[in-house]
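Participant: If you scroll down you'll find the structure; I have some questions about it.
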Amino acid sequence: MLQVQYIRDNRDEVIERLRIKNFDATTVIDDVKILDEERRNLQKELDDALAESNKIAKEIGALYKQGKRDEAEKMKARTVELKQLSKDLGDKLANVVNDLEAKLVLIPNLPHASVPSGKTADDNELVHQEGDVPQLFESALPHWDLIKKYDIIDFDLGNKVTGAGFPFYKGKGAKLQRALINFFLDKALDAGYTEFQPPLMVNEDSGYGTGQLPDKDGQMYHVGEDNLYLVPTAEVPITNIYRNVILKAEDLPIKNAAYSSCFRREAGSWGAHVRGLNRLHQFDKVEIVHIAHPDHSYEDLEQMRDHVALLVRALGLPFRILKLCGGDLSFTSALTYDFEVWSAAQQRWLEVSSVSNFESFQANRMKLRFKDSDGKTKLAHTLNGSALALPRIVAALLENNQTPQGIKIPNVLFPYTGFELIS
RNA sequence: GGAGAGGUGGGUGAGUGGCUGAAACCAACAGUUUGCUAAACUGUCGUACCUGUGAAGGGUACCGGGGGUUCGAAUCCCCCCCUCUCCGCCA
């Protein structure tokens, strides 16, 4: 969430920039200003009342020591009043703070100055495209048929054992998964990332920290018995490592990478366009997370973008990079690049990575700060991106690389798969 | 699952009702000394909010979380959470 102080000092600018996200913030910002002023006034009154209480308590203590019981008893009358007063003020203050918070969480992150205006995904800006679109032979199949033909991924078994969206990977399909994960992780290590294996369940505080809670709780699987959530992405545990932490400036940037299974309920988002591997309840992903100095976070973003491009390129997949327009940008993001690979049999682009700079939006919520060289404690910037998400990469690989003889594995994966063809 | 112990500042750890936002030590930072390193010495050394706003200064809150007793709570009482140890079970 945004910092109150920033809103207070830059009202018009905030409203103006949020227009890019097609968000009219006028009312909520003015509410925030009013509530914030109320909060400060109440705070002052409360502090004054408590200060007087403290002073009297000290005097009473002193009087008791001198044996002046009567005088002490007399002073107690005022403390009764003050106690009631501070209780009332405290209650009022708590209410105002609650209302203020409730308003603040409604305000999206400010888009970066370079974000194009626009309403839908059609307005996203194409910033890069490379690779040749493969020409498939006559009897080429979409991946959901290929996986059956070669018996490498089994949705029916998943349906039987768990339910829709939980496939089994078998034989060379399973090996291919493992190969991709290891390939992605090795590349991350080459690029200077620290590898983590995070817990696959997180507590409530972590859900709030990265913003899945309170709004998007329906998207996570909840283990009620222990009040834990299955991670929708490794971003959640990896970023929450730094919740309530004050780092040193020289620690930045922190670059972490983690492979994890990801669990998403995807309630209400199923349809014809999400066949096969296009959308799953459980999938695998390698995630990269940066904690960056505010002055350099956009350099980090470019670095991450380059890293993801390197991965897709190495796999030989035609891809394009889009800069999301204001309307398509997520609530929490300031700037996002989407990576899409061409899926030859489906004849469509599939999103395989989303690389975002959240600036201090997440950091403010989870109190992720650092001590800068000027001695001041400031909010850090958080960034993350997929590097990469497996299922759609697999879908594109299968479709694009199919030949009458079988599916060709990209060269870079040979050392990991141990085979060159799925036949 | 059973039994017990415990949660205090970056760390160790003192503190059982007012003189404690918190001893001491360690770490860290700055400086003095120094051919270099080390050592020694000196100083600084929590966070948030309000006020002031160039800084300083002042006020309030925070000793796992919440509530209560009291003029006054890290300290007493109640509830909750978490961690550790031993036993049992077990990948």
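Participant: Within the stretch A:309-335, work out how many residues are surrounded by fewer than 23 Cβ atoms within 10 Å (Cβ to Cβ) and closer than 19 Å to A:THR239 by Cα.
Facilitator: 4
Participant: Could I ask something else about it? Between A:ALA102, A:ALA121, A:ALA164, A:ALA140, which is among the small types (Gly, Ala, Ser), under 30 Å from A:ASN22 (Cβ atoms) and in contact (Cβ under 8 Å) with a residue 24 or more places away in the chain?
Facilitator: So the residue among A:ALA102, A:ALA121, A:ALA164, A:ALA140 that is among the small types (Gly, Ala, Ser), under 30 Å from A:ASN22 (Cβ atoms) and in contact (Cβ under 8 Å) with a residue 24 or more places away in the chain is A:ALA121.
Participant: Which one is surrounded by the fewest Cβ atoms within 10 Å (Cβ to Cβ) among residues in the stretch A:167-192 that are over 23 Å from the mean Cα position of the chain (by Cα) and outside any helix (DSSP H, G or I)?
Facilitator: A:LYS170
Participant: Have a look at A:ASP99, A:ASP122, A:ASP88 and point out the one that is open to solvent by 30 Å² or more (accessible area, probe 1.4 Å), over 26 Å from A:ASP48 (Cα atoms) and away from RNA strand B (no atom under 12 Å from the Cβ).
Facilitator: A:ASP122
Participant: Follow-up question, since we're still on this one. Give the residue that is most open to solvent (accessible area, probe 1.4 Å), with candidates limited to residues of the stretch A:388-423 that are assigned to a strand (DSSP E or B) and within 21 Å of A:VAL355 (Cα to Cα).
Facilitator: Ranking the candidates gives A:ALA389 first.
Participant: Can I ask one more? Whether any residue in the stretch A:146-154 is more than 16 Å from RNA strand B (Cβ to nearest atom), more than 30 Å from A:ALA25 (Cβ to Cβ), over 32 Å from the mean Cα position of the chain (by Cα) and loosely packed, with under 13 Cβ neighbours inside 10 Å is what I want to check.
Facilitator: The answer is yes, given that some residue of the stretch A:146-154 is more than 16 Å from RNA strand B (Cβ to nearest atom), more than 30 Å from A:ALA25 (Cβ to Cβ), over 32 Å from the mean Cα position of the chain (by Cα) and loosely packed, with under 13 Cβ neighbours inside 10 Å.
Participant: Please list, ordered by first then second residue, the pairs with beta carbon atoms under 6 Å, 6 or more apart or interchain, first in the stretch A:402-423 and within 17 Å of A:LYS149 (Cβ to Cβ), second at pLDDT 95 or above and acidic (Asp, Glu).
Facilitator: A:ILE409/A:GLU420
Participant: With respect to A:ASP12, is the statement that it is within 8 Å of RNA strand B (Cβ to nearest atom), open to solvent by 60 Å² or more (accessible area, probe 1.4 Å) and modelled with pLDDT of 90 or more true?
Facilitator: no
Residues are listed down the side, and each one gets a yes or a no for (1) in the same structural domain as A:PHE361 (by TED's automatic domain parsing); (2) touching a residue at least 24 places away in the same chain (Cβ under 8 Å); (3) in a helix (DSSP H, G or I):
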site: A:ASP30; (1), (2), (3): no, no, yes
site: A:ILE34; (1), (2), (3): no, no, yes
site: A:LEU42; (1), (2), (3): no, yes, yes
site: A:SER53; (1), (2), (3): no, yes, yes
site: A:ASP91; (1), (2), (3): no, no, yes
site: A:PRO111; (1), (2), (3): no, yes, no
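Participant: List, please: which pairs have Cβ atoms under 8 Å, are six or more places apart or on different chains, and start with a residue in the stretch A:371-387 that is assigned to a loop (DSSP other than H, G, I, E, B) and end with one that is basic (Lys, Arg)?
Facilitator: Hits for this filter: A:ASP372/A:LYS378; A:ALA380/A:ARG369.
Participant: With A:VAL289, A:VAL231, A:VAL274 as the choices, which residue is in the same structural domain as A:ARG365 (by TED's automatic domain parsing), free of Cβ contacts under 8 Å to residues at least 12 places away in the same chain and among the hydrophobic types (A, V, I, L, M, F, W, C)?
Facilitator: A:VAL274
Participant: Right, next: May I ask you to verify whether A:LEU82 is among the aliphatic types (A, V, I, L, M) and either more than 9 Å from RNA strand B (Cβ to nearest atom) or loosely packed, with under 13 Cβ neighbours inside 10 Å (or both)?
Facilitator: no
Participant: Quick test of your reading of the structure: A:ARG348 fulfils all but one of (1) modelled with pLDDT under 95; (2) touching a Lys or Arg at 6+ places or on another chain (Cβ under 9 Å); (3) open to solvent by 40 Å² or more (accessible area, probe 1.4 Å); (4) closer than 20 Å to A:ASP132 by Cβ. Name the failing condition by number.
Facilitator: (2)
Participant: For the stretch A:336-367, how many residues are of a type in the set (A, V, I, L, M) and part of a strand (DSSP E or B)?
Facilitator: Matching residues across the stretch A:336-367 total 4.
Participant: State whether the residues of the stretch A:197-214 include one that is open to solvent by 60 Å² or more (accessible area, probe 1.4 Å), away from RNA strand B (no atom under 16 Å from the Cβ), under 28 Å from A:PHE370 (Cβ atoms) and in a loop (DSSP other than H, G, I, E, B).
Facilitator: Yes, that holds for at least one residue.
The values are calculated or read from the model by the stated rules, or taken from the named source; none is laboratory data. Values in this document were obtained by computation on a predicted structure and should not be read as measured data. A quick note on method: Cβ atoms are made from the backbone with ideal geometry, for glycine too, and the neighbour counts reach across all protein chains shown. We work out accessible area using only protein heavy atoms, side chains counted, and drop any ligands, DNA or RNA first. Shrake-Rupley method; radii C 1.70, N 1.55, O 1.52, S 1.80 Å.
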